[in-house]
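The values are calculated or read from the model by the stated rules, or taken from the named source; none is laboratory data. The structure presented is a predicted model; accordingly, all values stated were derived computationally and were not measured. Here the Cβ is made from the backbone with ideal geometry for all residues, glycine too, and neighbour counts use every protein chain on show.
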Amino acid sequence: MKWVVNGTEVELEPTPGIEISQDGERLVLHAGNKTQTALALCQPGGNFLISLEGQILEVERVTPGQKKSGSSGGDGRSLAPMPGLVVDVLVEEGQQVTRGQRLLVLEAMKSHLPVLAAFDAVVTQIPVSAGMQVSEGQVLVEIQPQSPQE
């Protein structure tokens with residue numbers, strides 16, 4: 001089955017020797033004699049945020065015929081996936097960015113969540129700043145596809 005993990009489409013298949021169980025909001029991963037836990041939050045639309053080893057993975061299922069999206073949606077707007085604190089803004093308005101480039105860092109669930117550009121673009125608006133508290137669904141940054149060079 002195809003999934004998008006932090007803006008990159010991947011094929012996730014069960015891995016032999018790894019068992020995953022659920023304990024409330026925590027996922028428990030058993031691999032041999034090693035056990036790890038991850039916090040998993042289900043979001044509207046069936047997407048998940050998984051906090052594992054200090055990183056947050058934004059995971060969404062790709063259904064047949066659906067185009068993959070990244071942290072910046074198809075319209076170029078990156079929305080806060082949950083309430084958090086803007087730790088760092090790494091770009092400025094008018095700056096050209098490339099697909100996968102970090103735009104800003106949001107701290108939530110005691111982890112840092114990088115917000116990535118979904119496509120090559122120009123940053124058109126950054127309505128937040130470092131140190132600002134944001135609400136779930138709040139616009140963090142907007143980008144617009146680059147015009148072809150003539």
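Would you confirm, using the coordinates I've provided, whether residue 86 is closer than 21 Å to residue 49 by Cβ, assigned to a strand (DSSP E or B), touching a residue at least 40 places away in the same chain (Cβ under 8 Å) and among the aliphatic types (A, V, I, L, M)? Working first, answer last.
Values: closer than 21 Å to residue 49 by Cβ: yes; assigned to a strand (DSSP E or B): yes; touching a residue at least 40 places away in the same chain (Cβ under 8 Å): yes; among the aliphatic types (A, V, I, L, M): yes.
In short, yes.
Say whether the condition of being at pLDDT below 95, closer than 13 Å to residue 90 by Cα and surrounded by 14 or more Cβ atoms within 10 Å (Cβ to Cβ) is met by at least one residue in the stretch 132-140. Looking through the stretch 132-140, at least one residue is at pLDDT below 95, closer than 13 Å to residue 90 by Cα and surrounded by 14 or more Cβ atoms within 10 Å (Cβ to Cβ). Looking at the stretch 6-60, the strands (runs of 3 or more DSSP E) lying wholly inside it that each contain 3 or more residues that are modelled with pLDDT of 70 or more sit at 18-23, 26-31, 34-42, 48-52.
Considering only residues of the stretch 61-83 that are under 14 Å from the mean Cα position of the chain (by Cα) and at pLDDT 65 or above, which is farthest from residue 109 (Cα to Cα)? The selected residue is 76.
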